[in-house]
1. Are any residues in the stretch 478-498 open to solvent by 40 Å² or more (accessible area, probe 1.4 Å) and in a strand (DSSP E or B), and if so, which ones?
2. Report, by residue number, each residue of the stretch 352-369 that is part of a helix (DSSP H, G or I), out of contact with any strand residue (DSSP E or B) (no Cβ under 7 Å at 6 or more places or on another chain) and of a type outside the set (A, V, I, L, M, F, W, C).
3. Working carefully through the options Asn466, Asn460, find the one that is over 29 Å from Asn332 (Cβ atoms), among the polar types (S, T, N, Q) and free of Cβ contacts under 8 Å to residues at least 60 places away in the same chain.
4. Wholly within the stretch 581-652, which strands (runs of 3 or more DSSP E) include no fewer than the required count, namely at least 2 residues that are under 18 Å from Arg566 (Cβ atoms), open to solvent by less than 50 Å² (accessible area, probe 1.4 Å) and modelled with pLDDT of 95 or more?
5. Can you give me the number of residues within the stretch 181-207 that are of a type in the set (A, V, I, L, M) and open to solvent by less than 10 Å² (accessible area, probe 1.4 Å)?
6. Looking at the stretch 163-178, which of its residues are crowded, with 16+ Cβ neighbours inside 10 Å and not hydrophobic (A, V, I, L, M, F, W, C)?
7. Restricting to the stretch 328-350, count the residues that are open to solvent by 70 Å² or more (accessible area, probe 1.4 Å) and either more than 28 Å from the chain's Cα centre (by Cα) or of a type in the set (Phe, Trp, Tyr) (or both).
8. I'm checking my understanding of the structure. Among residues of the stretch 265-279 that are touching a residue at least 40 places away in the same chain (Cβ under 8 Å) and more than 24 Å from Glu442 (Cα to Cα), which one is most open to solvent (accessible area, probe 1.4 Å)?
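The values are calculated or read from the model by the stated rules, or taken from the named source; none is laboratory data. As the structure is a computational prediction, the values presented were derived from the model and not from experiment. Positions of Cβ are generated from backbone atoms using ideal geometry, with glycine treated the same way; all protein chains shown enter the neighbour counts. Just the protein is used for accessible areas: all its heavy atoms, side chains included, with ligands, DNA and RNA removed. Shrake-Rupley method; radii C 1.70, N 1.55, O 1.52, S 1.80 Å.
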Amino acid sequence: MKKNFLALLFFSALFLTNVHLSLAQSISFGKVTYEELKETFYEKDSSASAAVLHDFSETVFRYLDNYGFRIETTKTVRIKVYKKAGSDWGNVSIPLYREDFSRAEIIRDIKGYVYNLKTDMIRTDELDKKTVYEEEVSEKWRRMKFALPNVKEGTVLEYRYTVVSPFFFKLDDWKFQQELPVKWSEYKLTVPAFYEYMILRQGYFDLAIEDAKLLKDKLQLGAYTYNNMRFHWAVKDIPAYRDEPYMTTREDYIGKVMFQLSKVNYPGRHVKDYMNTWPQLVEDLMKLTDFGKNIKKNDTKEVVSTLTAGLSSEKDKAVAIYQHILQHFAWNNTYSLYPSVSLKDLLKDKEGNCTDLNLLLLNMLHKAGITANPVLLSTRNHGKITTKFPLIDQFNYTIVFATIDGQGVLLDATDPDLPFGMLREACMNDYGLVAEEDMNEEKWIDVSQQGMYFSDAYINLSYDENKGVFVAEAKQSYRNYSAIEARKICRENAEELSHFQPIEDLKILNLEDKDKPLSISFKAAYPVEALGDMVYIDPFLMIEEENPFNTPERYFPVDFGVRSVRRNHFSLMIPKGYQLDEWPENVELTLEDAVSFVTITQRNESNFQIVSTLQVSKTSIPVEQYKALRTLYTDMISKQMEKVVLKKIETE
């Protein structure tokens, strides 16, 4: 059995390095202190409506005769309420998984107390067990709910419960971080030697406790003796988790420890591996679902022959097939890795999920003699892939990687506005797994740099003496990802793309020709401010109206999703009787080779021009550069507040 302990320890060795057991904290459940009750705000975050004083769980494996091992997790939580809004934390909801009626998680020993100060005395209210109830969520999930009584400003509340689970395949993640600041978060895990778990830690916080050790006590299982392995983690003073601009899903960033069963070696039995390799995962997907069947079916042979008749190049054939699917089939807005219908039914009903449509594309490309393979993805709102865990549930989308005229091309046949060779922005999420038949090793492809966001705005401003107003002749051009978004807006109301209202002489070019830039042009009165002999004109079409990075600290990278170039061209014909008095000077703000904002001006007696460009060249900005990025955006927005000032002059 010793070999198993070494393997378990090895899986965790990457982060079990700094041990500070002296920092361990404990509370006496059912006993609260005056100091906790008298606190009026959380010193590390005075805006917090409440704070978690202590969040502790311990998971142990217990052997029950006739049932085998069961996992018992006892959780204890103590929360201080500072403001009225924080009283909602007295409403507790606990999810419980159910495979079927014979295998389900159960909850027991629910206890709860609420403490308030009343004339300097501690009043205690206990949870009424009659208020605890169970709620059906779905076929597989239930929710145990209860509300603690008399929770208000100044309250300290606490509760404890135990969940018993038969599901040892994947232990629940332990989340150090929550929507509230957490003073102390601690987790202990005791595992029998014959269960081996892959353990990964995520987050940007140092651990106060980080320990793993082999317990000396011998335990008995039938004729065999075994030891347990004890893991212990804790974090102190964790800030509240808050969603920030430019990020994927919260599960990619929140501080936690994750567990995945890799192997079970019961005494006297064969070793059972639970952690597949990536090639094995792909093989199972192809053979055990309709994934592989839909790729190989011959139902599309005739239509492909018709579509590609007379076409010689692989690109022409691929484009014809791609356009055919976009024009005749519809995505049902469902994300799934698995086909929802057979190929035959898809050809009849003309609608399917993302995998249905892209496997159809793959099938038709094969019939045209084009080499192509599926690529398994996780979309941005589904989360990043952990490559150390070969788990199928990490994926929720399928695209196609085709080799066309010797060049690799990524294709997605779900959106009629997607040009050939572009992916949905939602798919731009690190890497995808190339799913080849009979693959011997994992193959990943970078999907994070596919395409850019380009927009150009042109304003030619002149003074209309007859109307007594400044009139702008405007043109806006959109390419790549900006065009996809703008086309959808244009079909509803093109005027929403203009920066000012009302507009006249609206013209739209290439609305349905997605291989060309979308262009709109119009005329409009331009807002200016006149004060005495001075006229103040805004030369910037706001690239950003306010700084999206408004928090002083950030604990995870900025993820822009796509690279971008947004450029504004402003040209002013200086009206007769006026001269330039003030104007924005040139500026160049840069964050290494990642983000830049540049303005370039030109002027003479009759004309003033300024070109401003915001360029994002790298989609991911590390935490270490956040403050510099925030400063750049602050300076950029300040620059865009500057005006062109015209001064009235005497004329002969």
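1. Answer for the stretch 478-498, where residues must be open to solvent by 40 Å² or more (accessible area, probe 1.4 Å) and in a strand (DSSP E or B): Arg479, Asn480.
2. Matches in the stretch 352-369: Asp356, Asn363, Lys367.
3. Working: Asn460 fails: free of Cβ contacts under 8 Å to residues at least 60 places away in the same chain.
The conditions single out Asn466.
4. Here the list reads 587-591, 595-603, 607-616.
5. The total comes to 5.
6. Matches in the stretch 163-178: Ser165, Pro166, Asp172, Lys175, Gln177, Gln178.
7. Of the residues in the stretch 328-350, 7 are open to solvent by 70 Å² or more (accessible area, probe 1.4 Å) and either more than 28 Å from the chain's Cα centre (by Cα) or of a type in the set (Phe, Trp, Tyr) (or both).
8. We begin by selecting, within the stretch 265-279, every residue touching a residue at least 40 places away in the same chain (Cβ under 8 Å); these are 265-268, 274-279.
Okay, now just the ones that are also more than 24 Å from Glu442 (Cα to Cα), so 265-268.
Details: Asn265: 35, Tyr266: 48, Pro267: 25, Gly268: 72 Å².
Here the answer is Gly268.
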